[in-house]
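Notes follow once the structure below has been shown.
The values are calculated or read from the model by the stated rules, or taken from the named source; none is laboratory data. Being a predicted model, the structure only gives us computed values, none of them experimental. Here the Cβ positions follow ideal geometry from the backbone for every residue, glycine too, while neighbour counts run over all protein chains shown. Heavy atoms of the whole protein, side chains included, go into the accessibility calculation; ligands, DNA and RNA do not. Shrake-Rupley method; radii C 1.70, N 1.55, O 1.52, S 1.80 Å.
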Amino acid sequence: MHLKINKFEKFAKSNGYKNGYALIKALGCRASAYTRLKEGGRINPDLVAEIYNRFGDEAMFEVINFKEEK
């Protein structure tokens with residue numbers, strides 16, 4: 001699973017956050033985690049759950065790529 005960075009940035013702004021970094025902090029992550037995600041790192045299942053719990057399944061599927069690369 002990976003974060004769709006561009007969609008996450010747009011989602012953050014449309015929900016009143018300055019940018020994706022501000023949203024990731026509100027979700028309980030550090031800047032280093034967001035940097036890693038922007039570089040293509042895998043998203044932590046706990047963060048997936050936090051996005052789901054705060055924003056619902058529609059938002060979760062909008063900003064997270066669940067397809068595994070082979």
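Taking into account only those residues within region 34-51 that are over 10 Å from the mean Cα position of the chain (by Cα) and at negative phi, which is least open to solvent (accessible area, probe 1.4 Å)?
41
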- Output the residue which, of all residues in region 22-33 that are under 15 Å from residue 43 (Cβ atoms) and of a type outside the set (D, E, K, R), is surrounded by the fewest Cβ atoms within 10 Å (Cβ to Cβ). 32
- In region 57-67, residue nearest to residue 8 (Cα to Cα) [restricted to those that are in contact (Cβ under 8 Å) with a residue 40 or more places away in the chain and of a type outside the set (A, V, I, L, M)]: 62
- Counting only residues that are polar (S, T, N, Q) and more than 11 Å from the chain's Cα centre (by Cα), which one in region 1-21 is least open to solvent (accessible area, probe 1.4 Å)? 19
- Please enumerate the residues belonging to region 29-56 that are closer than 13 Å to residue 8 by Cβ, without any contact (Cβ under 8 Å) to a residue 24 or more places away in the chain and not in a helix (DSSP H, G or I). 29
- Query: If you scan region 56-67, which residues turn out to be open to solvent by less than 100 Å² (accessible area, probe 1.4 Å) and out of contact with any Phe, Trp or Tyr (no Cβ under 8 Å at 6 or more places or on another chain)?
  - Reply: 56, 57, 64, 65, 66
- Note on the structure: Listed by first then second residue, the pairs whose first member lies in region 3-24 and is in contact (Cβ under 8 Å) with a residue 24 or more places away in the chain and of a type outside the set (Ser, Thr, Tyr), whose partner is surrounded by 14 or more Cβ atoms within 10 Å (Cβ to Cβ) and assigned to a loop (DSSP other than H, G, I, E, B), with beta carbons under 6 Å and at least 6 positions apart or on separate chains, are 3/43
